[in-house]
1. Out of (1) surrounded by fewer than 10 Cβ atoms within 10 Å (Cβ to Cβ); (2) modelled with pLDDT of 95 or more; (3) of a type in the set (A, V, I, L, M), what's the single condition that is false for L23?
2. Can you tell me which residues in the range 128-151 are of a type in the set (D, E) and more than 21 Å from A165 (Cα to Cα)?
3. For the condition in contact (Cβ under 8 Å) with a residue 24 or more places away in the chain, on the phi < 0 side of the Ramachandran plot and in a helix (DSSP H, G or I), what is the one hit in T147, T137?
4. Has the range 112-119 got any residue that is under 40 Å from the mean Cα position of the chain (by Cα), surrounded by 10 or more Cβ atoms within 10 Å (Cβ to Cβ) and basic (K, R)?
5. Condition check: surrounded by 10 or more Cβ atoms within 10 Å (Cβ to Cβ), over 30 Å from I176 (Cα atoms), in contact with a helix residue (DSSP H, G or I) (Cβ under 8 Å, 6 or more places away or on another chain) and not β-branched (V, I, T). Does L30 satisfy that?
6. Could you tell me whether the range 74-97 includes any residue that is exposed (fewer than 10 other Cβ atoms within 10 Å of the Cβ), in a helix (DSSP H, G or I) and either in contact with a Leu (Cβ under 6 Å, 6 or more places away or on another chain) or not hydrophobic (A, V, I, L, M, F, W, C) (or both)?
Amino acid sequence: MFPGIINFASTEAGEKSDLLGSLGINVQLLVLQTIAFLILLFILSKFVFPVLTSMLEKREKLIEDSVRVAQDAEKNAEKTQDEVAKLIKEARKEADAVISGAKSEASKIVDNADKKSRERAERIVADAEEEINKNITDAKNSLRQETLELVAEATGMVIGKTIDAKIDKQIIKSAISESEK
């Protein structure tokens, strides 16, 4: 029916075949390789690529989570360092306050001990002075008594008789008071 067109097409196909053949390309082999590539691409996209992409997504998520955890850990470490620094600062303040209080308390104790020792020394001196004054008073009284007795004896010897004790004491007292003037 259309012998001219078929002949033209086969001539044309033959020429194309010769053109690809002159380049060293086998058309049948090229078509088979293209079909095999498309089948391989279909199998890979249906079975391998989904598994591979899910593994890559899981890996990417794992890496992102690890980075996020590392960032959180770094933030927590910074917060912890800040808190530790604050605690150390507070501890130093408390230690300084304790040391200051201890120094103040020690100073008070030393002052109190000094005050007590001064008071004790003053008491000892006052007691000693009181004891000395008492001894002096006792010695004066004893001396006065001995003087009275000596005067009474001397008066008795001079007069030659003993006067009763009451009159004797009055005479001696008046003599002593005149001598003290």
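The values are calculated or read from the model by the stated rules, or taken from the named source; none is laboratory data. Just so you know, these numbers come straight off a predicted model, no measurement behind them. Backbone-built Cβ (ideal geometry, glycine too); neighbour counts: all protein chains shown.
1. (2)
2. Across the range 128-151, the qualifying residues are E129, E130, E131, D138.
3. T147
4. yes
5. Numbers: surrounded by 10 or more Cβ atoms within 10 Å (Cβ to Cβ): yes; over 30 Å from I176 (Cα atoms): yes; in contact with a helix residue (DSSP H, G or I) (Cβ under 8 Å, 6 or more places away or on another chain): yes; not β-branched (V, I, T): yes.
Spelling it out, L30 is indeed surrounded by 10 or more Cβ atoms within 10 Å (Cβ to Cβ), over 30 Å from I176 (Cα atoms), in contact with a helix residue (DSSP H, G or I) (Cβ under 8 Å, 6 or more places away or on another chain) and not β-branched (V, I, T).
6. Going residue by residue through the range 74-97, those that are exposed (fewer than 10 other Cβ atoms within 10 Å of the Cβ) are none.
The answer is no, given that none of the residues of the range 74-97 is exposed (fewer than 10 other Cβ atoms within 10 Å of the Cβ), in a helix (DSSP H, G or I) and either in contact with a Leu (Cβ under 6 Å, 6 or more places away or on another chain) or not hydrophobic (A, V, I, L, M, F, W, C) (or both).
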